[in-house]
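What follows is one structure encoded as structure tokens, with my remarks underneath.
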Amino acid sequence: MTTVCLKAKKEQSLLRQHPWVFSGAIERIVLDADHQGGEPYEGELVCVESKSGDVLGWGHWQVGSIAVRILQFGAEAPAEGFWRERIGEAYKVREAIGLVRKDNDTYRLVHGEGDGLPGLIVDVYADTAVMQAHSVGMHLERVRIAEAIVAEVPQVEAVYYKSDDTLPFKAKIDGEKVGYIVDSRKSKVENEEFWAKENGLEFRIDWLRGQKTGFFIDQRENRSLVERYAKGKDVLNMFCYTGGFSLYALRGGAKRVDSVDVSEKAVDLVEVNVARNFPEAKNHTAVAADAFEYLSKMRAQGRTYNIIILDPPAFAKHRDAVKNALRGYQRINAKAIEMIREGGLLFTFSCSQAVDKEAFRLAVFSAAAQVGRKVRILHQLHQPQDHPINIYHPEGEYLKGLVLWVE
Ligand code: SAH
């Protein structure tokens, strides 16, 4: 076993159970006999020791500033049943908080560090789990992880692996990055058309061609809030993707719902989803358009809404992009606020991990001030309970939102 020895005092954060070891904290590395000099292999399980030789934990080696992501703290190495145990625990949490139901078979099963599995994401859609590895260590374990998912989650019969966009870009990776690892579904699905339920609404989930794992589960609770306020309202769902917010607004009795996304494929999916759940609906339109252009055009036509939802993609993917991202949030929010009728609501979100709550709130308030509208915060929103945050790893908090009353 390769051992990573830390510099003096650098054990502190690990003793507090922070799951990352930064490369700057490492004093030396003792490679095991399989290596011919150099560094540990990317993805290798290594043991981490303090300067005084105490074993602090075990984790996957990575190339980059985060050198080790800890899987297990303490002196004992992960045992044979490690994957089943961790995944079984994650499943029990979802079950206990009421997410596993007949009318709700869509939930995030594993949320990386938040579930003690750094670098791993697993979303469940009916009988299929979609799994993404963000580290080479998780990639190397993919078969064992998939087997553990099928063993621990009664509803799951297939595991689709989708890591072509998530694995470290420069890593040398052997083995398939995409495809079914396990598939024991008895009835093969015609035309690969998969449906899953969220709070009783049916969504077509296209993990083969869709973004991320195929669906954004992280807005479930916030969509319910839109449903609560939608009755009789004109609603604009901007950045709609598969139309999550639109379906909830329709069920809530909205007078009219407009869904907009720049992707034609997304717009097709929204239409399929609306037709499946509300075959009679005549009060929904879906448009493929750029958000900024659409808002400018509608404003020129004098269009206004009671409720606007803004759920853009992460404007800041890295820390250095935060300033520009904040300008982007201010611009899009200003355009939206201008189009909200008196006494209307803005549901506005940021999923950029690098943009914190305060900075986002300031950007949104600046937007309101810029267009001369008075607003008050009715709700402060965040990621839901199946996207837990490890208390020793606050970096896991990424989704934030505000519901503003616009005077
Ligand atoms: N609200 C969605 C998730 C949004 S993800 C849900 O509840 O599922 C962000 C979406 O923004 C993606 O579907 C992407 O296609 C779209 N998008 C990205 N840039 C855009 C732009 N400039 N104008 C409109 N949509 C855009």
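The values are calculated or read from the model by the stated rules, or taken from the named source; none is laboratory data. Predicted model only: the values in this text are computed from it and were never measured. Cβ sites come from the backbone with ideal geometry, for glycine too, and all protein chains shown count toward neighbours. Heads up: the accessible areas ignore ligands, DNA and RNA and are worked out on the full protein's heavy atoms, side chains in. Shrake-Rupley method; radii C 1.70, N 1.55, O 1.52, S 1.80 Å.
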Highest mean packing first, using Cβ neighbours within 10 angstrom, the peptides 250-257, 22-29, 378-385, 5-12 sort as 250-257, 378-385, 5-12, 22-29
With 0.36 nm assigned to each residue of separation and the Cα-Cα distance removed, Ile377 to Lys197 gains 61.7 nm
So the angle from the long Cα axis of helix 82-96 to the longest Cα principal axis of the chain, reported in degrees to the nearest 10, equals 30 degrees
Given a 1.4 Å probe, the accessible area of the stretch 219-362 per residue, as a whole number of Å², is 45 Å²
So the FRET efficiency between Ala77 and Lys172, C-beta based with R0 = 25 Å and rounded to 0.05, is 0.45
Residue by residue through the stretch 196-211, the couplings from Karplus 6.51 cos²θ - 1.76 cosθ + 1.60 with θ = phi - 60°, in Hz, x for Gly and Pro, are 9, 10, 10, 6, x, 9, 9, 10, 7, 10, 10, 6, 5, 10, x, 6
For the chain, longest principal axis from Cα atoms; helix 220-229 axis from its Cα atoms; angle between them, nearest 10 degrees, is 20 degrees
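What does the C-alpha gyration tensor say about the overall shape of the stretch 265-407? Classify as rounded when a/c is under 1.5, otherwise prolate if a/b is larger than b/c, or oblate.
oblate
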Note to self: C-alpha centroids of the stretch 329-407 and the stretch 98-117 sit apart, in Å, by 25 Å
The percentage of the accessible area of the stretch 216-406 (probe 1.4 Å, all protein chains present) made up of carbon and sulfur atoms, to the nearest whole number, is 52 percent
The relative contact order of the stretch 82-192, taking Cα pairs under 8 Å that sit 6 or more residues apart, comes to a percentage of 22 percent
Taking only the Cα positions of the stretch 3-73, the convex hull volume per residue in Å³ is 76 Å³
Stretched fully, the stretch from Val30 through Ala314 gains (0.36 nm per residue minus C-alpha distance, one decimal, in nm) 98.3 nm
In whole angstrom, the spacing between the Cα centers of the stretch 209-233 and the stretch 302-319 equals 14 Å
Under Stokes-Einstein, the chain at 20 °C and 1.002 mPa s, with its Kirkwood radius over C-alpha pairs, diffuses with a coefficient in µm²/s of 94 µm²/s
With a ≥ b ≥ c from the Cα gyration tensor eigenvalues, square-rooted, and the rule rounded for a/c under 1.5, otherwise prolate when a/b > b/c and oblate otherwise, the stretch 234-283 is oblate
Most fluctuating of Arg373, Arg220, Arg185 in the GNM of the chain (C-alpha, under 10 Å) is Arg185
Computed over the stretch 3-73, protein heavy atoms only, probe 1.4 angstrom, the accessible area per residue in square angstrom equals 49 Å²
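Just the number, please: carbon plus sulfur as a percent of the accessible area of the stretch 3-73, 1.4 Å probe, no ligands or DNA/RNA counted.
Answer for the stretch 3-73: carbon and sulfur cover 51 percent of the accessible area.
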Filtered hits (lysines, Cα-Cα < 16 Å from Lys282, offset >= 8 within chain) -> Lys231, Lys233, Lys255
GNM of the chain, Cα pairs under 10 angstrom: of Leu346, Leu15, Leu56, the biggest fluctuation goes to Leu15
Taking a probe of 1.4 Å and leaving out DNA, RNA and ligands, the stretch 82-192 shows per residue an accessible area in Å² of 46 Å²
Net charge near Arg299 (other residues with Cβ under 12 Å of its Cβ; Lys, Arg +1; Asp, Glu -1) is +1
Counting only DSSP beta bridges fully inside the chain, the antiparallel percentage to nearest 5 is 65 percent
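Answer rounded, prolate or oblate for the stretch 82-192, using the Cα gyration tensor with square roots of eigenvalues a ≥ b ≥ c: rounded when a/c is under 1.5, else prolate when a/b is larger than b/c, else oblate. Working shown, then result.
On the way: a/c = 1.92, a/b = 1.26, b/c = 1.53.
Oblate shape, in that a/c is at least 1.5 and b/c is the bigger or equal ratio.
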Rounded to the nearest 10 degrees, the helix 291-300 long axis (Cα) sits at an angle to the longest Cα principal axis of the chain of 10 degrees
Comparing Ala146, Ala129, Ala33 in a Gaussian network model of the chain (Cα, 10 Å), the one with the largest mean-square fluctuation is Ala33
The percentage of the accessible area of the stretch 82-192 (probe 1.4 Å, all protein chains present) made up of carbon and sulfur atoms, to the nearest whole number, is 49 percent
Note to self, the chain gives a 222 nm [θ] from helices alone (DSSP H runs n ≥ 4, -39500 (n - 2.57) apiece, / all residues, nearest 500) of -8000 deg cm²/dmol
